[in-house]
Structure formats: structure tokens, C-alpha cells
Amino acid sequence: MPKTDTLTPSRDDFASMLEASLAGRDLAEGQVVNGRVTAVENDFVIIDVGLKTEGRIPLREFTGPGSTAPKTGDDVEVFLERIENALGEAVISRDKARREESWDRLEQAFDKKEPVNGAIVGRVKGGFTVDLGGASAFLPGSQVDIRPVRDVTPLMNKEQPFAILKMDRPRGNIVVSRRAVLEESRAEQRAELVGALSEGEAREGVVKNITDYGAFVDLGGIDGLLHVTDMSWSRVGHPSEVVEVGQTVKVQIIKINPETQRISLGMKQLMSDPWEGVAAKYPVNATFKGRVTNIAEYGAFVELEPGVEGLVHVSEMSWTKKNVHPGKIVSTSQEVEVMVLDVDADKRRISLGIKQTQRNPWEVFAETHPRGSVIKGEIKNITEFGLFVGVDGDIDGMVHLSDLDWSRSGDVAVQDYKKGDVIEAKVLDVDVEKERVSLGVKQLSGDPMDDGEVKRGDTVTCTVTEVASGGIEVSFGEGGMKAFIRKSDLARDRGDQRPERFAVGDKLDARVTNIDKAARRVSLSVKALEIAEEKEAVEQYGSSSSGASLGDILGAALREQGAKPAAEEKKPAAKKAAPKKDEAEAGAPDFDAMTKADLVAYAEANGIEIVKSAKVGEIRDVVKTAAKG
């Protein structure tokens, strides 16, 4: 500095003195510098930072949480934004200086993963603004507390620790969490409390919360779960049936998970186990009374004593009600008698049965209705394979289609029945194990093939029921038995072996040539009957080799048959002068009983003109008319 011997320096002297005072000071924009408060005027603080001019900072930048207003002569740190503006003043800021200080401090804390103190000062979208001593940070709403907080007013403007989750200095972004600090503190406290607990220990706690699956109990700073299955030995529908919020309960520590620090609690473990010696108390096949506590799709639970329940499976509820919901057989709180079917004390399971306490209705039916007995019942259902008939004991018996009729097919015979009809049937078989009762309707009348109604060699009168190209179908006998006469068996003469000669409803005689009981088939033949009649006539009235024709032989046979009634007619004539008309006709031949061969022979013997190829019915009508004339 140049020497000045006068008290009034020149302009050059002043410039040299200013440069000398600034010499050695390295001031640059964008950094924090020290300054001294020279005055506080009109809400502004005047600060000298050693530049040509002083800087002005609003007083509000010095006020805030933990700050006091400066006084003249105080040294402060400020941020130098510009050395000189358009007005020749230095541009400085206390807020920016504090922010820079905070960033340096926060970066160190972030690197060391240490919590920092701050205060929640405002609310923004999605969270809150936190003042970390000069630096603003964002606090997400989910990071305020461990559990959701509805009202954060008590937490506002209150200094408390926060954990820095994320920092971006160039962008000026900081994300903090209060929840992380609480969880860490709680984890330390929890670890300390868990270390003081031991499995099997009994403690008292307060019920804090109740859910569908259990209750949370506060053991003095740490919560444990009291599961619904560990509340009582008996069935519990909902935890609220046993405990309530705020209730003090005594529990036993069942299990502690050191990794998750979860604690399982139990109340029933402090009570005596009712399953001890259960196999001796409830032996298999013994009957007891119990109360229905719960009904499920697969059965019902019955309480035998407090804490001991058994399951009655739906298949063990009723002998007769199958595929029915258990709720339609029993009801909750109903007292029922059950039989013990099985006991598994290790798995704490008892299998029970209700139907075993009653007699098997199929056994009762077999005793009261032996095979061959006749029952009467209502048709409950008609299916493609038979009828279901309700019988005694609320059980059903089945009449198979094949057991409806001896001669007709089941599909045809079943059309005679309808649901609700009351019918009689014969008991064919009772299978107790398979729970089946077999019934029969056709067995009520007996098998026409077994009672001797039709024998081989018999002559039967048939009615044509169907005409086919290969023959005709006929019915005969009281039961309407069916048979098929083949085309080759329709007549002895080939010219007459034509099915079209017959019509439905025509009557004809045929000989039984075979009976197959296994196949339920009767073979008939008109041809065989004609041959048999010819042979009988030849044997009785002469030989065809003697010169007499077959017509002569048959005529002689018919005349002999007609002569016997005539002789009998003359005996009462000696006593009575005028016999009655019906007595005179009593000796006339029975044309309806005659076969076609008999009718032809009678016509030839009596000179009655007939057409031999005509049907037997037509020939019979002609002969009858001629005989009456």
C-alpha cells in the first residue's frame, strides 16, 4: 500500500487502498462465505462480506424452526450468488447457505445410513414436505408410520428423526421415511422382547385386534397371534365367541420364529386335553348321544363332550336317503344317537355313524318278506330298465323290464304302467349287501311254459297277429303266447304255402312241434298238423294202398263222427214226440273245432262245393251254411 501523508487521499489513493484490502481474498460466486452483520434495517439484514459493497438479506431467512434473528456485529455464513448486480450490490442468501450446509451434512448421514432430524412443515400431493435444517425433502404418505395414519396434525412442526431413502443433489430431490426409523426401533425393541420370551411360557396379554382367523394379543410391546384353533379344545365358530378387544387373557407361548420374530399363542394349551384316553372312553361299536355342532357338505360334526367331536359322514347318516345334503337329515344343536365307527387319537379324529344305530331296512325286509312272497307298492319311478316300487321300510324294489310280462317285450309291457300306480309284485331276491330288492310282476301268473299249458304235439287254435314275407306271427293260449309259423309250415301243399292267404285276425289250427324253454320259443306248423291228421285217419279208417282214396277215408271218418250224435238223438225221441231244437242240433258236428282237412273231407262226403285253396275260415262258413240248409 502506498504511503499517504495527507488525510484527504486522492481517487487513485483510494483505489489502491481498496485493491490492497481485497488482496489475498479468494471470493467466487456460488460458494458459502463468511460475513458480518453491520445493521438490521426495515426487515433487512445488512451484511459485509468484504466486497466493494454490502449485501442485503430479508430478515425472514434468519427466522424458522431452531433459528433466532441476528444482531449487529454477529458473524454469519451466507451464499454468494453474485459479486455485484446492476445496482452495484453483492447478491447473497442465507437460505441457500443453510441449504448447502444441510446438503453436505445430509450426504454424510446418507453415506453412513444414519437418521437425520427434521420437521413436517406442509402437505403436498402424495405426501408431506419435511424441513431437514435448510433442505426440503419429500415424505411419502406410506412412509409416515408403520400403520396408516388418518390425522398427521400431531406430527406437524415437531422435530423427529427421519431416514434418507434417496438423494439427488443436482436435481435437489430428497426422499425420507419416518416409518423406516420406527420399524428399526421396533425391531430392536422386538428382538429384545423376543429374547426375553421362551416357548411354553405362560403370560398375560391384552387383546388388541380380532380377525376371522384369530386374535392379536399384546404381550407388553410385542404382539402374538392367538389362532382360533388354539382358543379352545371345542369347536369355535368365530374368535369373538371367546375373546373381546381389550380383554386381558392368559396365554401360553407355543412357538417363536427367530427369523420373522412371529409369536404363536394358545389358550387351550393351559387346559387339560380332553382327547387323553379318548379311545378307552369311546370304544368302537359303542353308542352315545351327542349334539350336532356344525354341518358341512360332506357330513355333520357331533360333540360327544366339550372338546371332543366326531364326524358323521353323509354316507353314514341314513340307510335310504342317498345323495342328500346333511342339513336335510339333521340340524344344528340337534341331539342325535351315534355309533363309534373308528377312533384315531393321534390325528384327533372319531368317525361316527347314525344309521348304524338303526336296523338295516333291507335285513328287516328280507325277514318279513321272504323270496316268493307278494307285496303291494306304489310305482315311484319309471326308467329305461324297469319300475321302482316303494315297499316297506322306506326302500324301493325294482321290477326289471324282463319281469313285466311272459309274452310281450318289456318296452311294450311297461307302457301299461304309470308313476303313482299301486301294483302287486312277487319278491324274487333281496341282496342286503348291495341294498337291492328284485321284484317281478309276470311271476304272479306263473310261466305258461312251466305249468304244462302247452305240450309238444298239441293242436292249438291261433290268431294271426302279423303277416310277413317269411311267414305269419300268431298268438295262442289264454296268456296270448306268441309264435312264428314259417312259410314252409303253412300248408302241406306247396301251392298253399303263401303267407298272403292270411290276414290279421284270421284263426287257424297248428301243431306244436317244439318248445324251447331257454329261448322262450314255441314252434308251430300247419303242415305237421295236416300230416298228423292224415296219418291218424289212415290208421283208423283204412289204408290208402287198399284202393280207397284219402277223401273216401276222411269221409268215412266224418260220417262216423256224425252218426254217433244221430244215434244218441233217437233215444230220447221214443220218449218225446217233439224234441227241442237245441237238442236236435246237439248231434251236429262241431265245425269250429274242425281243421281245414276235416272241413274239406266233410264237404266232399256231403257233396258240398268248396274251393280247396280258400282260407279255413271261408271253408268253415260254407260248410256251416250248407249243413244248416
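The values are calculated or read from the model by the stated rules, or taken from the named source; none is laboratory data. Just so you know, these numbers come straight off a predicted model, no measurement behind them. Here Cβ is always computed from backbone atoms with ideal geometry, including for glycine, and neighbour counts include all displayed protein chains. Areas reflect the complete protein model, heavy atoms only, side chains present, ligands, DNA and RNA absent. Shrake-Rupley method; radii C 1.70, N 1.55, O 1.52, S 1.80 Å.
Restricting Gly390, Gly410, Gly372 to those that are farther than 30 Å from Tyr282 by Cβ and under 35 Å from the mean Cα position of the chain (by Cα) reduces the list to Gly390. Listed by position, the strands (runs of 3 or more DSSP E) enclosed by segment 89-165 that each have at least 3 residues that are within 60 Å of the chain's Cα centre (by Cα) are 116-124, 127-131, 136-140. Can Val278 be described as buried (at least 17 other Cβ atoms within 10 Å of the Cβ), at negative phi and modelled with pLDDT of 90 or more? No, not satisfied.
Close contacts from segment 241-267, counting a first residue that is more than 14 Å from Val228 (Cα to Cα) and open to solvent by 60 Å² or more (accessible area, probe 1.4 Å) and a second that is in a loop (DSSP other than H, G, I, E, B) and acidic (Asp, Glu), with Cβ to Cβ under 7 Å and a gap of 6+ residues or different chains, come to Lys255/Glu199. Note on segment 187-209: residues that are touching a strand residue (DSSP E or B) at 6+ places or on another chain (Cβ under 8 Å) and not in a loop (DSSP other than H, G, I, E, B) total 9. Residue count for segment 494-507, restricted to those that are within 12 Å of Val467 (Cβ to Cβ) and more than 60 Å from the chain's Cα centre (by Cα): 7. The lone criterion from (1) aliphatic (A, V, I, L, M); (2) at pLDDT 70 or above; (3) crowded, with 16+ Cβ neighbours inside 10 Å left unmet by Val32 is number (2).
Please specify each residue of segment 156-200 satisfying the condition of being surrounded by fewer than 12 Cβ atoms within 10 Å (Cβ to Cβ) and either touching a His at 6+ places or on another chain (Cβ under 8 Å) or charged (D, E, K, R) (or both). The answer is Lys158, Asp168, Arg171, Glu188, Glu192, Glu199. The single condition among (1) hydroxyl-bearing (Ser, Thr, Tyr); (2) closer than 30 Å to Gly55 by Cβ; (3) modelled with pLDDT of 80 or more that Ser93 does not meet is (3).
Which residue out of Arg494, Arg486 is open to solvent by 90 Å² or more (accessible area, probe 1.4 Å), modelled with pLDDT of 55 or more, out of contact with any helix residue (DSSP H, G or I) (no Cβ under 8 Å at 6 or more places or on another chain) and closer than 30 Å to Arg408 by Cα?
On the way: Arg494 fails: closer than 30 Å to Arg408 by Cα.
That would be Arg486, the only listed residue that is open to solvent by 90 Å² or more (accessible area, probe 1.4 Å), modelled with pLDDT of 55 or more, out of contact with any helix residue (DSSP H, G or I) (no Cβ under 8 Å at 6 or more places or on another chain) and closer than 30 Å to Arg408 by Cα.
The residues of segment 408-446 that are open to solvent by 40 Å² or more (accessible area, probe 1.4 Å) and among the aliphatic types (A, V, I, L, M), listed by number, are Val412, Val422, Leu428, Val432, Leu444.
Within segment 118-151, the set of residues being surrounded by fewer than 19 Cβ atoms within 10 Å (Cβ to Cβ) and more than 18 Å from Glu183 (Cβ to Cβ) comprises Val121, Gly122, Arg123, Val124, Lys125, Gly126, Thr129, Ser136, Phe138, Arg150, Asp151. Ile256 fulfils the conditions (1) among the hydrophobic types (A, V, I, L, M, F, W, C); (2) at pLDDT 90 or above; (3) part of a strand (DSSP E or B) except for a single criterion, (2).
Can you tell me which residues in segment 331-359 are free of Cβ contacts under 8 Å to residues at least 40 places away in the same chain and surrounded by fewer than 19 Cβ atoms within 10 Å (Cβ to Cβ)?
Ser331, Asp344, Asp346, Lys347, Arg349, Gln358, Arg359
Scanning segment 457-483 for residues that are open to solvent by less than 30 Å² (accessible area, probe 1.4 Å) and not small (Gly, Ala, Ser) yields a total of 7. If you go through segment 377-407 and keep only what is farther than 15 Å from Glu424 by Cα, surrounded by 15 or more Cβ atoms within 10 Å (Cβ to Cβ), out of contact with any Gly (no Cβ under 8 Å at 6 or more places or on another chain) and modelled with pLDDT under 85, you end up with just Gly393.
Regarding segment 307-317, can at least one residue be identified that is over 23 Å from Gly277 (Cα atoms) and loosely packed, with under 12 Cβ neighbours inside 10 Å? Checked segment 307-317: no residue is over 23 Å from Gly277 (Cα atoms) and loosely packed, with under 12 Cβ neighbours inside 10 Å. Residues in segment 498-531 that are assigned to a loop (DSSP other than H, G, I, E, B) and in contact with a Leu (Cβ under 9 Å, 6 or more places away or on another chain): how many? Selection size over segment 498-531: 2. Scanning segment 212-229 for residues that are open to solvent by less than 30 Å² (accessible area, probe 1.4 Å) and either outside any strand (DSSP E or B) or of a type in the set (A, V, I, L, M, F, W, C) (or both) turns up Ala215, Val217, Leu219, Ile222, Leu226, Val228.
Evaluate the following for Lys328: is it within 24 Å of Asp273 (Cα to Cα) and open to solvent by 40 Å² or more (accessible area, probe 1.4 Å)? Criteria not met by Lys328. Number of residues in segment 281-306 that are open to solvent by less than 60 Å² (accessible area, probe 1.4 Å), aromatic (Phe, Trp, Tyr) and free of Cβ contacts under 8 Å to residues at least 60 places away in the same chain: the value is 1.
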